[in-house]
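Colleague: The structure follows.
The values are calculated or read from the model by the stated rules, or taken from the named source; none is laboratory data. Treat the numbers as computed from the prediction; the structure is a model and nothing was measured. Heads up, the Cβs are rebuilt from the backbone with ideal geometry, glycines too, and the neighbour counts pull from every protein chain shown. Areas reflect the complete protein model, heavy atoms only, side chains present, ligands, DNA and RNA absent. Shrake-Rupley method; radii C 1.70, N 1.55, O 1.52, S 1.80 Å.
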Amino acid sequence: MTVALAPSAARLDGVPAGARVVVAMSGGVDSSATAALLVEQGYDVVGVTLQLYDHGAVVGRKGACCAGQDIHDARTVADRLGIAHYVLDYERRFEREVIDAFADAYARGETPIPCVDCNRTVKFRDLVRLARDLGAECMATGHYARRVAGAASAELHRADDASRDQSYFLFATTQAQLEFLRFPLGVLAKERARAAARRFDLPVAAKPDSQDICFVPNGRYADIVAKLRPGADEPGEIVGLDGAVLGEHPGIIHYTVGQRRGLGLGGAARADDEPLYVVRLEAATRRVVVGPRAALAVRRVQLRDVNWIAGGGGPPGEGVEVDVKLRSTASAVAATLCGAQASTAEIVLDRAEFGVAPGQACVFYRGSRVLGGGWIAETDR
């Protein structure tokens, strides 16, 4: 099997040919192509797939990962490549570390990102530990990001293909983990990965990308939260910025900051026909506060649980100019990093941003390099 590659594609910095490499195989095209390309490069590849939740509930469901059909697909790919493959039951720890945290965040009125918690815990903490136990020189994943060997330590950078970049979801990676991790697809466009899968005749070459949160059937996350945290779906009031009651809602877990549709208020609740948006969620009083778009404008953002990848694992200093991403699908915007501490920070945006939601991540960049990031705790207009 021969696949035309970019000169640096799938060559792992600092890892000699023949060395053992554990590949985290989700059953999708990206991790499968990663395994195939590393086999071609002469590495001793071992595939590991995690069962993270009840596979019986999602067998055959499109857009999932780490359960049911996806585990079967990963095993089939491993057989096609002739590599060892292991399936590990991490269901209980995934429920504790990711699903419970997801439900708690929505109950607090936040908008969580479970993929970050999954990478931070069961994948980059527990699976890296297993890879070391298996005698691997490194662990490779199918993420679109780049690990660059810097002068002092490994650096995390955006992928070459900006449309596929996943570095936002990796901000919680520690320096020690980054030293051990590799991201071979970071220098490839998505179509190059699919082309590799086709040329290796892998059965997942045409498999669609995952779209929804993997453990949420049909994207109905509120059903999961209501089941795990019954009090979170109790009804409450929809109020204006002045506190005036405008209507009722079925539970704050159905809303997120910046939401416009689905408020159920009708034209009577609009001032001068101006659309209303969710401005904030008050979990303690079960109130959804709405207002005009101008009320969503944010200039200051306070962060908690900050992780610093660059600078030896500490904050870079006061008044540092950075670019930040406030949502995974948003473009980076200019900001100044202020009051940075070991685990907290504040950013001041050069221009106001709209719909910044507590519970989302704020990731700091300098050029293509990820400096770190944290969770949005509060915002100031």
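Colleague: List the helices (runs of 4 or more DSSP H) that sit entirely inside the range 19-116 and contain at least 3 residues that are modelled with pLDDT of 90 or more and surrounded by fewer than 20 Cβ atoms within 10 Å (Cβ to Cβ). Steps first, answer last, please.
Modeller: Numbers: elements: 29-40, 69-81, 91-94, 100-107.
Hits in the range 19-116: 69-81, 91-94, 100-107.
Colleague: Based on this model, can you work out whether residue 353 counts as open to solvent by 40 Å² or more (accessible area, probe 1.4 Å) and over 26 Å from residue 276 (Cα atoms)?
Modeller: Numbers: open to solvent by 40 Å² or more (accessible area, probe 1.4 Å): yes; over 26 Å from residue 276 (Cα atoms): no.
Here the answer is no, as residue 353 does not meet what is asked.
Colleague: Applying the selection to the range 338-350, what residues are over 22 Å from the mean Cα position of the chain (by Cα) and either open to solvent by less than 60 Å² (accessible area, probe 1.4 Å) or in contact (Cβ under 8 Å) with a residue 40 or more places away in the chain (or both)?
Modeller: If the condition is that a residue be over 22 Å from the mean Cα position of the chain (by Cα) and either open to solvent by less than 60 Å² (accessible area, probe 1.4 Å) or in contact (Cβ under 8 Å) with a residue 40 or more places away in the chain (or both), then 338, 339, 340, 348, 349 are the ones that fit.
Colleague: From the list 152, 136, 172, which one is surrounded by fewer than 20 Cβ atoms within 10 Å (Cβ to Cβ), in a loop (DSSP other than H, G, I, E, B) and not β-branched (Val, Ile, Thr)? Show your work before the answer.
Modeller: Working: 136 fails: surrounded by fewer than 20 Cβ atoms within 10 Å (Cβ to Cβ); 172 fails: surrounded by fewer than 20 Cβ atoms within 10 Å (Cβ to Cβ).
So the residue among 152, 136, 172 that is surrounded by fewer than 20 Cβ atoms within 10 Å (Cβ to Cβ), in a loop (DSSP other than H, G, I, E, B) and not β-branched (Val, Ile, Thr) is 152.
Colleague: Hey, can you tell me all the residues within the range 324-337 that are surrounded by fewer than 17 Cβ atoms within 10 Å (Cβ to Cβ) and under 23 Å from residue 162 (Cβ atoms)?
Modeller: Keep residues of the range 324-337 that are surrounded by fewer than 17 Cβ atoms within 10 Å (Cβ to Cβ), which gives 328-334, 336.
Scanning the range 324-337 gives 328, 329, 330, 331, 332, 333, 334.
Colleague: Which residue out of 280, 260 is surrounded by fewer than 15 Cβ atoms within 10 Å (Cβ to Cβ), more than 30 Å from residue 174 (Cβ to Cβ) and under 27 Å from the mean Cα position of the chain (by Cα)? Give the steps one after another, and end with the answer.
Modeller: Working: 280 fails: surrounded by fewer than 15 Cβ atoms within 10 Å (Cβ to Cβ).
The unique qualifying residue is 260.
Colleague: Given (1) free of Cβ contacts under 8 Å to residues at least 40 places away in the same chain; (2) in a strand (DSSP E or B); (3) surrounded by fewer than 22 Cβ atoms within 10 Å (Cβ to Cβ); (4) not β-branched (Val, Ile, Thr), where does residue 317 come up short, assuming only one miss?
Modeller: Of everything listed in (1) free of Cβ contacts under 8 Å to residues at least 40 places away in the same chain; (2) in a strand (DSSP E or B); (3) surrounded by fewer than 22 Cβ atoms within 10 Å (Cβ to Cβ); (4) not β-branched (Val, Ile, Thr), residue 317 misses just condition (2).
Colleague: Are any of the residues in the range 214-233 touching a Lys or Arg at 6+ places or on another chain (Cβ under 8 Å), among the small types (Gly, Ala, Ser) and open to solvent by less than 60 Å² (accessible area, probe 1.4 Å)?
Modeller: The answer is no; no qualifying residue exists.
Colleague: Condition first: at pLDDT 95 or above, assigned to a helix (DSSP H, G or I) and among the small types (Gly, Ala, Ser). Now tell me which residues in the range 155-169 satisfy that.
Modeller: Residue satisfying the conditions is 167 alone.
Colleague: Inspect all residues belonging to the range 237-250 and state whether any of them is touching a residue at least 60 places away in the same chain (Cβ under 8 Å) and surrounded by 16 or more Cβ atoms within 10 Å (Cβ to Cβ).
Modeller: Looking only at the range 237-250, we keep the residues that are touching a residue at least 60 places away in the same chain (Cβ under 8 Å), and these are none.
Taking every residue of the range 237-250 in turn, none turns out to be touching a residue at least 60 places away in the same chain (Cβ under 8 Å) and surrounded by 16 or more Cβ atoms within 10 Å (Cβ to Cβ).
Colleague: Just give me the residues in the range 163-185 being without any contact (Cβ under 8 Å) to a residue 24 or more places away in the chain and touching a strand residue (DSSP E or B) at 6+ places or on another chain (Cβ under 6 Å), in sequence order. Break it down into steps so the answer makes sense when it comes.
Modeller: Initial filter on the range 163-185 (without any contact (Cβ under 8 Å) to a residue 24 or more places away in the chain): 165-166, 176.
Those that are without any contact (Cβ under 8 Å) to a residue 24 or more places away in the chain and touching a strand residue (DSSP E or B) at 6+ places or on another chain (Cβ under 6 Å): 165, 166.
Colleague: Anything in the range 194-213 that is assigned to a helix (DSSP H, G or I) and open to solvent by 40 Å² or more (accessible area, probe 1.4 Å)? List them, or say none. Show your work before the answer.
Modeller: In the first step, residues of the range 194-213 are kept if they are assigned to a helix (DSSP H, G or I); the result is 194-199.
Within the range 194-213, 198, 199 qualify.
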